[in-house]
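Visitor: I'd like to ask some things about the structure below.
The values are calculated or read from the model by the stated rules, or taken from the named source; none is laboratory data. None of these values were measured; they are calculated from a predicted model. All Cβ positions, even for glycine, are placed from backbone atoms using ideal geometry, and neighbour counts span all protein chains on display.
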Amino acid sequence: MDRRRSSSPQSRHPASNSRVDPLDWARSADAADLVEQEMRACVRRRRAKRISLLGGASVLALVALLWLWPGNSFAPTGPAELGRARVAAPERRILSDGSTLEFKPGAAVTVDFSPGLRRVVLDRGEAHFQVAKNPARPFVVVARGVEIRAVGTAFSVGLESSRVEVLVTEGQVAVETSAAPALDGGQTPAVQTLPPSDGSSPGVMVRAGERVTVDTSAAAPVLPAAQTMPVDEMNDRLAWRVPWLEMNATPLSEIITAFNLHSGSRLSYADARLGRLTLSGTLRADNVTVLLQILDTSYGVTAEKGADGAILLVPTR
């Protein structure tokens, strides 16, 4: 019986329990091998096109995905050079004592070190401090009447129009004001007090993963208790510290080099063609997961993770 003729009724009745192999007609015509070869060739051409070309629609999709990814708060300063990757990172300054300051764009500080005290005034904006340990020389950050004391720790201080916010990322700090008045009704604020540095006022202890926000609009600011900050919220709040990779038709080979440098990852690829794949957009240089998702979803490139943590990129077969 002619299979091509018998297959027509089957196609008109999809609910039927019988099933006809889609290649039966080709086999009956001795053309099955040719059809299968052409299908495989078509798949290979599609994969090659995805790897070698980045169309306009793909560029827009990539940029949209990168910019809408949670935690993205970076404002680019301009396009990267065509075919190159540019790493945008906050300004960093190393002080004479070895402490490191990172500045959010627009921030400004005044450094006033003496033999017995390391004092930094935050004039505006936000800065992150990685303090070199030296118990003999306390490190004090001053922001509109609020003092943050540390010996060896890391924290961020943000100065806004009516408040000062302190986020501690490592160790602990003491936050003080020039005075801590009583609340309405004469009650004492519920805070953890510390021996003040100069004997004039108590302070509140803020530990790693906590923050305290002081309202500076009052004539005599009151110190609230420190609050625990969820890790994700802390990371988003300090996303400005993270280096960003700006790509403009940048080869994946160069992108991988940048990621390995700034994220501590060990990325490599098995096929030289992958190194010539070009991407455009802006992406956190420490977030390898997003890059791997983009490569897998849009370009058929999968990641194989080795027992030693190394990641090998391979074309989907």
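Visitor: So S96 ticks every box in (1) part of a loop (DSSP other than H, G, I, E, B); (2) without any contact (Cβ under 8 Å) to a residue 24 or more places away in the chain; (3) within 23 Å of the chain's Cα centre (by Cα) but one. Which box is left unticked?
Guide: (3)
Visitor: Conditions: (1) touching a strand residue (DSSP E or B) at 6+ places or on another chain (Cβ under 8 Å); (2) modelled with pLDDT under 85; (3) of a type in the set (A, V, I, L, M, F, W, C). L101 meets all but one. Number of the miss?
Guide: Among (1) touching a strand residue (DSSP E or B) at 6+ places or on another chain (Cβ under 8 Å); (2) modelled with pLDDT under 85; (3) of a type in the set (A, V, I, L, M, F, W, C), the lone unmet condition for L101 is (2).
Visitor: On the basis of being modelled with pLDDT under 95, in contact with a strand residue (DSSP E or B) (Cβ under 9 Å, 6 or more places away or on another chain), in the same structural domain as G125 (by TED's automatic domain parsing) and farther than 24 Å from A108 by Cβ, does V151 make the cut?
Guide: yes
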